[in-house]
Each structure stands twice: as C-alpha cells, then as structure tokens.
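A.B. asks: Here it is, the structure, as structure tokens.
The values are calculated or read from the model by the stated rules, or taken from the named source; none is laboratory data. The shown structure was predicted, so the numbers you read here are calculated from the model rather than taken from an experiment. With ideal geometry, Cβ positions are generated from the backbone for all residues, glycine too; neighbour counts draw on all protein chains shown.
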Amino acid sequence: MHRSLPAFSLILLIVCAGCLGGLGFGSSSETPPPTTTNKETQTTTTVSTTTAVGESTTATTTTTETQTQTRTQTTYLRQPTTANIETPEDSKRFQARVIKVIDPTTLKIKHDGKNQTVDLIGVRVPDSGQIHKKAVRYTNSQLDHQVVTVVSDPQVGTTDDGHMHAYVYIGNFMVNTDLIRIGYARVPDTGFSKRQEFMTKQQEAKQGGYGLWKNTTTTA
C-alpha cells in the first residue's frame, strides 16, 4: 500500500498536468504582434506618398517648360510698325515688307501681295567708292526684310522707270534722313515737302565731318 502511493501520486500529477494543458495554461502563442502589420501599412503609405510627390514634381516641371517656350516665342515675334509720324498733306501711307535692297536708295517691297520698287526721296549717294559701299551695308542692315511704313510725297512723282518715290520709316525712324545725317548721302537739288528737315540733317553731317564731308571738295 505504501509502495503504490508514490506511483499513484505520479499518475495523478500527469493527469492534472494534461488537464491544465487542455485549458490553455502554460501554452505559447505564435500570433505575430499587431504592430508588424501597422509598420507594413505605414511603409506602404510612405511609398504612396513619395510617388505622389514625385508625380507632382514632374507635372510642375512640364508646366514650367511650357511657359518658358511661350515667353521665348513671344520675345522673338516681329510686330508690324505703327509709326506716329508727320506726313505731307494728301500723301499716301501704307505698310510693306522690304524683300530686297537693290542699292542704298532703292528697295523692292511687297504690299497687298504685289511687288513694287521704291526710291528714297531726298537722298543722293555716290555711285561707287567707299561711301557707296558703306551706304549699301547701312541700308541692308536697317531695311532688309523689315516691315516698314512707306509715305509718298505729292510734290514728287514717279521715276522714268515707274519707281515710286517715298519716305521710308521703321517705327518713327526715317531711313532717308539718317543716310544724310551720317554723311553717306547728300540732299539733291530737287523740290520735296521735307526738304528743310533734310537740309538740317546735312548741316549736322557737315559740322561733324561725317562721310562725304570729311573732304568738303567731295561731291555726290
């Protein structure tokens, strides 16, 4: 009886341990902590946010480039002239594009789809020599393929070959008088409405010793 008591106690302990295990005491759980899921969610959210920011940056860059291109194009657009100038009474005035500089005082223009040859009023340039070459370069630099304002003078008719005589302006700037002012041309002995203005410019060139007037014996 005393020998079987320890064996019985051992069996009783095993049975109790089994019961306790069935009730969940002393067992371990393999369920991952909920914070792991939260971290993954945060990571995903961060990635999504980064992508959204990246897309926004790209859109902003595209917009900036488009605006830059528009400003550049506007900068280089040529606008027609709208000269605020005094014209002789009963004169004709129109805008045209210079398509060719024939010589320092003769231009080929295009107006209303038609080509026309125009001679500058009130200027006479030497037919050859250094002054002639300088005058050619000057007229080309000022007028070649420019939009100009052409003004006729009722006191001056057409040339023998049908060329129109005219004052030619770029904006408010008259090319005829500037050829006189810089000494590349002189005022001829003919009548026209703005003769006095031209003579004033010629006097300035003489006083400055420009072009033709470096040597007062030079004639054109």
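A.B. asks: Give me a count of the residues in the range 173-202 that are within 23 Å of Arg137 (Cα to Cα) and of a type outside the set (Phe, Trp, Tyr).
C.D. replies: Qualifying residue count for the region: 16.
A.B. asks: Taking only the range 109-131 into account, find how many residues are more than 22 Å from Phe198 (Cα to Cα) and either touching a residue at least 60 places away in the same chain (Cβ under 8 Å) or buried (at least 16 other Cβ atoms within 10 Å of the Cβ) (or both).
C.D. replies: 3
A.B. asks: Does the range 90-102 hold any residues that are assigned to a loop (DSSP other than H, G, I, E, B) and under 18 Å from Asn172 (Cα atoms), and which are they?
C.D. replies: Within the range 90-102, Ser91, Lys92 meet the criteria.
A.B. asks: Here are some residues: Asp189, Asp153, Asp160. Which one is among the charged types (D, E, K, R), part of a loop (DSSP other than H, G, I, E, B), in contact (Cβ under 8 Å) with a residue 60 or more places away in the chain and in the same structural domain as Ile99 (by TED's automatic domain parsing)?
C.D. replies: Criteria check complete, one pass: Asp153.
A.B. asks: Okay, moving on. If the requirement is being over 35 Å from the mean Cα position of the chain (by Cα) and loosely packed, with under 14 Cβ neighbours inside 10 Å, which of these qualifies: Gln155, Gln207?
C.D. replies: Gln207
Residues are listed down the side, and each one gets a yes or a no for (1) farther than 30 Å from Lys114 by Cβ; (2) out of contact with any Phe, Trp or Tyr (no Cβ under 8 Å at 6 or more places or on another chain):
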site: Tyr138; (1), (2): no, no
site: Val156; (1), (2): no, no
site: Thr159; (1), (2): no, yes
site: Arg181; (1), (2): yes, no
site: Gln196; (1), (2): yes, yes
site: Gly208; (1), (2): yes, yes
site: Lys214; (1), (2): yes, yes
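A.B. asks: Any chance the range 124-142 includes a residue that's part of a strand (DSSP E or B) and either of a type in the set (Lys, Arg) or within 14 Å of Arg97 (Cα to Cα) (or both)?
C.D. replies: The answer is yes, given that some residue of the range 124-142 is part of a strand (DSSP E or B) and either of a type in the set (Lys, Arg) or within 14 Å of Arg97 (Cα to Cα) (or both).
A.B. asks: If you scan the range 178-220, which residues turn out to be polar (S, T, N, Q) and closer than 17 Å to Ile131 by Cβ?
C.D. replies: Gln202, Asn215, Thr216, Thr217, Thr218, Thr219
A.B. asks: Considering only the range 186-203, state which residues are surrounded by fewer than 15 Cβ atoms within 10 Å (Cβ to Cβ) and over 21 Å from Glu86 (Cα atoms).
C.D. replies: Pro188, Asp189, Gln203
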